[in-house]
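This report concerns only the one structure given below.
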Amino acid sequence: MRFASLGSGSAGNCMVIEKASTRLLLDCGFGLREVITRLEKLELAPEQITGILVTHEHDDHAKGAFKLGAKYNIPIWLSHGTRIMTERYVPQDAKLKLNVVDSHTSFAIDHIQVIPYPVPHDAREPTQFTFSDGQYKLGVLTDTGSTTSYIEQMLSGCDALVLECNHDLTMLQNGPYSYALKQRVGGRLGHLDNHSAASLLAKLDNSKLKHILAAHLSAKNNTQTLAKEALSGVLNCALDWVGIAEQEKGFDWRSF
Ligand SMILES: [Zn+2]
Ligand SMILES: [Zn+2]
């Protein structure tokens, strides 16, 4: 099993998770041409994608998913609330294969077992996912304003974690955002800050952890070093052991 990021942040998110010939895209917040270029860098073509999962309706996650699905006949999995809220993205006359998932019930897409879980975020029915091939487990969490004991349960015992480190609270407070936007981003339904991500990580069983990556970093309210310091402080590891899902470059293949 291996996984990579095509880019992460408020300008677009997309990951790919691969087991044998099964390749899933997690979100597609880039335009059609952009996502194809980014797939090429990982030596992938859209024809090789088995399915697309959409976590929620925000542009940076959903924008390109439906065009890609329509053009290349790729089925899409999403929650009921996300389906309702993304109707505006569906190209006219497109014959899309949409699979509505229950955000508490796991399902399989070919070689990959997918376990969804709901998160508190300002969307209709935001759902995050963990992925397993039966042996290894990858947990992904972005776009959550706070954590819950259920999230802790879902992310415990993972072999790899991609964890939102959106902002540093002090930088957000002193930064350029309007008061309203600061309240939204830092609120219970906003985005996870470095310190909250570290507190979550500290509560997990990390005994199998082989990869950790910080994701969805704010360009204005965070730095890579602050995010790395927060997570490495919990794991007691070298700063550079913590990877970053960057907006432009994402991150290269990681495997188990
Ligand atoms: Zn987002
Ligand atoms: Zn969002």
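The values are calculated or read from the model by the stated rules, or taken from the named source; none is laboratory data. These figures come from a predicted structure and were not determined experimentally. Methodologically, a virtual Cβ is constructed for each residue, glycine included, from the backbone with ideal geometry; neighbour enumeration extends over all protein chains shown. SASA here: full protein model, heavy atoms, side chains in, ligands and nucleic acids out. Shrake-Rupley method; radii C 1.70, N 1.55, O 1.52, S 1.80 Å.
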- Select from the range 18-27 the residues that are open to solvent by less than 10 Å² (accessible area, probe 1.4 Å) and more than 16 Å from ligand 2 (Cβ to nearest atom) and write down the one among them that is farthest from TYR117 (Cα to Cα). THR22
- Message: Suppose the filter is of a type in the set (A, V, I, L, M, F, W, C) and touching a residue at least 60 places away in the same chain (Cβ under 8 Å); does PHE107 pass it?
- Response: no
- Query: Quick check: anything in the range 142-150 of a type outside the set (Lys, Arg), within 16 Å of ligand 1 (Cβ to nearest atom), part of a loop (DSSP other than H, G, I, E, B) and in contact (Cβ under 8 Å) with a residue 60 or more places away in the chain?
  - Reply: yes
- Query: Being touching a strand residue (DSSP E or B) at 6+ places or on another chain (Cβ under 6 Å) and either among the β-branched types (Val, Ile, Thr) or open to solvent by less than 20 Å² (accessible area, probe 1.4 Å) (or both), is that true of even one residue in the range 204-211?
  - Reply: no
- Task: For residues that are of a type in the set (D, E, K, R) and open to solvent by 40 Å² or more (accessible area, probe 1.4 Å), scanning just the range 119-151, find the one that is nearest to ligand 2 (Cβ to nearest atom).
- Result: ASP122
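Only one of LEU169, LEU181, LEU192, LEU163 is without any contact (Cβ under 8 Å) to a residue 60 or more places away in the chain and closer than 18 Å to GLN128 by Cβ; which?
Values: LEU169 fails: closer than 18 Å to GLN128 by Cβ; LEU181 fails: closer than 18 Å to GLN128 by Cβ; LEU163 fails: without any contact (Cβ under 8 Å) to a residue 60 or more places away in the chain.
Criteria check complete, one pass: LEU192.
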- So which helices (runs of 4 or more DSSP H) are wholly in the range 28-101 and hold at least 3 residues that are open to solvent by 30 Å² or more (accessible area, probe 1.4 Å)? 32-41, 65-72, 80-85
- Note on the structure: By residue number, the members of the range 69-93 that are at pLDDT 95 or above and touching a strand residue (DSSP E or B) at 6+ places or on another chain (Cβ under 9 Å) are GLY69, ILE74, PRO75, ILE76, TRP77, LEU78, SER79, HIS80, GLY81, THR82, ARG83, THR86
- Message: For the range 228-254: of the residues being touching a residue at least 60 places away in the same chain (Cβ under 8 Å) and more than 23 Å from THR55 (Cα to Cα), which is most open to solvent (accessible area, probe 1.4 Å)?
- Response: ALA230
- Of the listed residues (LEU42, LEU26, LEU53), the one being in contact (Cβ under 8 Å) with a residue 40 or more places away in the chain and away from ligand 1 (no atom under 16 Å from the Cβ) is LEU42
- Message: Can you find a residue that is within 16 Å of ligand 1 (Cβ to nearest atom), under 27 Å from MET1 (Cα atoms) and assigned to a loop (DSSP other than H, G, I, E, B) anywhere in the range 163-178?
- Response: yes
- Does the range 200-214 contain at least one residue that is under 21 Å from LEU155 (Cβ atoms), hydroxyl-bearing (Ser, Thr, Tyr) and assigned to a loop (DSSP other than H, G, I, E, B)? yes
